[in-house]
Structure formats: C-alpha cells, structure tokens
Amino acid sequence: MAKRPHIPKLPKGFIWGASTAAAQIEGAAAEDGRGPSIWDAFAATPGRIKDGSTGAVACDHYHRYKEDVALMKRLGLDAYRFSVSWSRVLPDGTGAANEKGLGFYDRLIDELLGKKIEPWLCLYHWDLPLALDRRGGWPNRDCAAWFADYAALMVRRFGDRVARWVTFNEPGVFTIAGYASGLHAPGVSDFSAMIAAQHTVNLAHGAAVEAIRAGAPKAVVGVVCNQQPARPQTASEEDKAAAGLFDLIWNRTFADPMILGDYPDGLKPFFAALLRDGDLEHINRPLDFLGLNHYSPTYIKHDPAAPGGIGLGKPPEGAPVTMMGWEIAPKAFAQTLIQEHARYKLPIVVTENGMADRAEVGPDGTVADDDRIDYLAKYIGAVASAVESGARIDGYFVWSLIDNFEWAEGFEPRFGLVHVDYATQKRTPKDSYYWLGDEIARLRK
Ligand code: FCB
C-alpha cells in the first residue's frame, strides 16, 4: 500500500463533519405523505438527467438513517449537516404540516444526538416543493414569506435539539443552474428570472434568520455559499469581462448583501428595479458563521449566445482534474479561504469539499480510492495553511458521507467516503473513510 499522507495540525476544537442533502440521499419520494419537489419533476423529464435516473430511491437513507449515523460515528465525526426536504414536512410548501415527515427528522436528530454527533440543519438544498414552483417559485417575491413560514415551523419543532442552522445551501448554484443555464431544476433559461429568484432568495434568507432567532435565541446561524475563483479562459478582454461578471454573480450576489448589506456596484443595475425600501436591511441580518463550499476554480469565456454573455470554459490543457472535469487546485482553495475571511470577517466553516471518482468495490471487498485520499489531504492541508495565515476556520465537512444522486449527473459520479451499491443498498466504507478516520483520531490526541 502506498504511504498515506498526513493532515497537518488544526486548531483545538476544530469540527470534523460530513454533509449530505435530502434530495440526494433520502429516497422515499412518495412515502408517508411527502409532496413532490421540483427535482422529482425535473428528473422525471426525459433528457434532463444524464443516466436517466431519479432520486426516488437514491440511498434509501429515509429507512437506513441509523446505519448511516453509525457510519458517521465510526468515522469519528463531530457534526453532520443534512437538509430537510421542504415538501416532506409541508407537502404543498405552505399550509398543513405533514406529521409523518416531521417524525423522520425527529428520529434522525435524536439518533445523531444519541451518538453525540451535532446536527447542522440546512433548510434548503435545492428541492423547492413543486406546488410552490407552480405558484411562481423563487422568481416570485412571495416565496420569501413562504420560506420564512417554513423556517418558523422547523424552529418550533427542532429548535430545542438543533443548535446549528443553515438557511440556504449554495444559492448561487441553484439560481444560476435552475434559472439561467437551465441545467438544474426547474430548468428555466431566462437571465431576468434568475435575477428575480436571487433577490427573493436573499429576502427569504433574511426573513428565515429572523424566524430562527425568534424561535431559538441561542441558535448559531449561517448561510452556505459556494465560493470559487472565476478565471478567464484566455487573456482576451472579452473573456476577462465575462469572468469578472461571473465572479460577481457567483461569489457576491448573496454573501455581499447578506453579510455586508448591499449588492456590489457591478450588480446594482440588475437588481435596481426589484429593490424596495427596507429590502437591504431585511437581507442583512447578523450571522454567526459563513459556510463555505469549494471544489475548484471555474473557467469562463465570453459567449454571446449564453445568458449574460457568460460561457463555461474548461481548465487549461494538462491541468489535473477529477472525473467531473474539475481542476484540482488546492492553492486556489487556500487563497479563497483567506480572501473570503478578510472580506466578510466571519468565522468560516468549510461545509463542503471533496471529489468524485468511479471507484467500485474490488474483489477483496475494499474500495481503493487513493485519488480521494490525495485530494482530501491536499485540500485539508490548504485549510491548515489558510489558518496559518490568520483566517479563522472552525471546521471541515466532507462532501459527502455516502455516494449519492449527483443532480443532473445522476449516479455515475461517486463523491462518498462510503460506497453505495444502488441495487442492494449495501454500504462499503472506502479506503479514504478509514484513512480520514485515522487522521481525525490522530489529530484529536
Ligand atoms: C455542490 C452541492 C452538492 C453536491 C456537490 C458535488 O455544489 O451543494 O449537493 O452536488 O456540489
């Protein structure tokens, strides 16, 4: 076996976690009164998901959550970030709550607490109730109030046991891919719908923070943004301008108004017509931490046919990439952490990082995923170097605990520390799982 890398020392009390999302693991899509979400409808539309799969069964976590929590425990995790399926607890998005759906999260939270793993509850990881999409979805400003009511319900129910709250996961990704490129649910390609959705999401965030604080005054509240540098594909002025605009849309549309209180100058013209008196104050509620997801730099080229003239490029020839085509560039991660900490002055928690491969269970029953070990060692090393440079980083959550439904990419990319055989639902911890567990235990000593 190759010599395994070691993770450098991290601050005392550093939080080790893993993240998942309801739509990617739960399955049980039509069980116990759950209503459909936009991802159920999107995945059922031919051509939308690469391998034609859906999340209807996924990892069957709804029934196997105990086994999955036991896997977290054996790994030595302190914390687990999961998301609630809004349409499981409120089948129509608003109105009557679904007691059976709430009961699932009661059981999950209690199981975690019983194993001394802290639940981090994310209210929204991309699965809008379909009923709300039919009422206009995120581009409809009313969606902010629907979200605030949902947040209030969650806090009433779980606020006694859940201390850590996240309003949104990667608002940039789901609004850009959902409303501009159309590659994610609900599959809309309309730049102005994206802008409207983004402003509603910002308002919804502010309103949810208020609701959480009102219901659980001691709650620790944050938002999770995907912060990744946007690099121009070439040195041409056009590519640079497209990358500059994309950087603002991707990295600043949410964190800036939520944390600094305003849209950056370069985005103001887009949002001006939507802004009403008091909006910015509502959006800018004090937060306790910034959850930061990061995978790789993004390459952008000018494309007159694409929304906003922004075309997706690719990493330079010869750059190391994962099976997703994402560049492996841990230095860019360290720089991002330092830069985002300096800009927003909040403690950062890395709430997602990891890589996909196709590693399967070998004849000896193990899953050899050396590339993941290498990636994680480098990226966690980047966290340590950012800490060394003075950035406050309180924790690191791997994406992901188990292989799962990777949105429009279906089941081919495997991001888990634990392999899932989707035919049998058998879980097999990969080499990276055992490696990370050993490292966590060693660093705790
Ligand atoms: C992030 C998502 C997460 C997963 C990873 C690979 O953008 O938040 O659900 O798909 O990418």
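The values are calculated or read from the model by the stated rules, or taken from the named source; none is laboratory data. What you see is a predicted model, and the numbers here were worked out from it, not measured in a lab. As a convention, Cβ positions derive from the backbone with ideal geometry for all residues, glycine included, and neighbour counts pool all protein chains shown. We work out accessible area using only protein heavy atoms, side chains counted, and drop any ligands, DNA or RNA first. Shrake-Rupley method; radii C 1.70, N 1.55, O 1.52, S 1.80 Å.
Brief remarks on what is shown
- Only listed residue being hydrophobic (A, V, I, L, M, F, W, C) and part of a helix (DSSP H, G or I), chosen from 376, 346: 376
- Meets criteria (touching a residue at least 60 places away in the same chain (Cβ under 8 Å), surrounded by 22 or more Cβ atoms within 10 Å (Cβ to Cβ), on the phi < 0 side of the Ramachandran plot and within 16 Å of the ligand (Cβ to nearest atom)) for residue 197: no
- So residue 79, is it touching a His at 6+ places or on another chain (Cβ under 6 Å), among the aliphatic types (A, V, I, L, M), open to solvent by less than 10 Å² (accessible area, probe 1.4 Å) and under 29 Å from residue 148 (Cα atoms): no
- Number of the condition not met by residue 162 [criteria: (1) within 16 Å of the ligand (Cβ to nearest atom); (2) part of a loop (DSSP other than H, G, I, E, B); (3) crowded, with 22+ Cβ neighbours inside 10 Å]: (1)
- Remark: pairs (first residue in segment 291-320, among the basic types (Lys, Arg); second residue assigned to a loop (DSSP other than H, G, I, E, B); Cβ separation under 8 Å; 6+ apart in sequence or on different chains) = 301/233; 301/234; 301/313; 314/233; 314/325.
- Taking the criterion of being open to solvent by 20 Å² or more (accessible area, probe 1.4 Å) and among the aliphatic types (A, V, I, L, M), the only residue of segment 384-401 that qualifies is 387.
- Unique match (being away from the ligand (no atom under 16 Å from the Cβ), among the charged types (D, E, K, R) and assigned to a strand (DSSP E or B)) among 427, 442: 427
- Helices (runs of 4 or more DSSP H) completely within segment 81-134 that count 1 or more residues being more than 16 Å from the ligand (Cβ to nearest atom) and closer than 14 Å to residue 61 by Cβ: 86-89, 99-114
- Some residue of segment 402-414 being open to solvent by 20 Å² or more (accessible area, probe 1.4 Å), within 16 Å of the ligand (Cβ to nearest atom) and more than 17 Å from the chain's Cα centre (by Cα): yes
- Filtered residues of segment 363-383 (kept if of a type outside the set (Val, Ile, Thr) and either under 18 Å from residue 323 (Cβ atoms) or open to solvent by less than 10 Å² (accessible area, probe 1.4 Å) (or both)): 368, 369, 370, 371, 372, 374, 375, 376, 378, 379, 382
- Condition met for residue 118 (surrounded by fewer than 23 Cβ atoms within 10 Å (Cβ to Cβ) and within 19 Å of the chain's Cα centre (by Cα)): yes
- Sole exception among (1) within 22 Å of residue 335 (Cα to Cα); (2) of a type outside the set (Ser, Thr, Tyr); (3) touching a Leu at 6+ places or on another chain (Cβ under 6 Å) for residue 267, by number: (1)
- Considering the conditions (1) free of Cβ contacts under 8 Å to residues at least 24 places away in the same chain; (2) in contact with a helix residue (DSSP H, G or I) (Cβ under 8 Å, 6 or more places away or on another chain); (3) within 16 Å of the ligand (Cβ to nearest atom), residue 280 is excluded by exactly one of them, (3).
- Odd one out for residue 350, checked against (1) within 13 Å of the ligand (Cβ to nearest atom); (2) open to solvent by less than 20 Å² (accessible area, probe 1.4 Å); (3) under 23 Å from residue 39 (Cβ atoms): (3)
- Long-range neighbours under 6 Å by Cβ, at least six apart or interchain, first residue part of a loop (DSSP other than H, G, I, E, B) within segment 391-415, second within 12 Å of the ligand (Cβ to nearest atom) and of a type in the set (Lys, Arg): 403/414
- Any chance residue 421 is more than 20 Å from residue 24 (Cβ to Cβ), open to solvent by 10 Å² or more (accessible area, probe 1.4 Å), of a type outside the set (Gly, Ala, Ser) and touching a residue at least 40 places away in the same chain (Cβ under 8 Å): no
- When 225, 143 are checked against the criterion of being more than 25 Å from residue 19 (Cα to Cα), of a type in the set (A, V, I, L, M, F, W, C) and open to solvent by less than 10 Å² (accessible area, probe 1.4 Å), a single residue qualifies: 143.
- Condition met for residue 262 (open to solvent by 60 Å² or more (accessible area, probe 1.4 Å), farther than 30 Å from residue 379 by Cα and either in contact with a strand residue (DSSP E or B) (Cβ under 9 Å, 6 or more places away or on another chain) or part of a loop (DSSP other than H, G, I, E, B) (or both)): no
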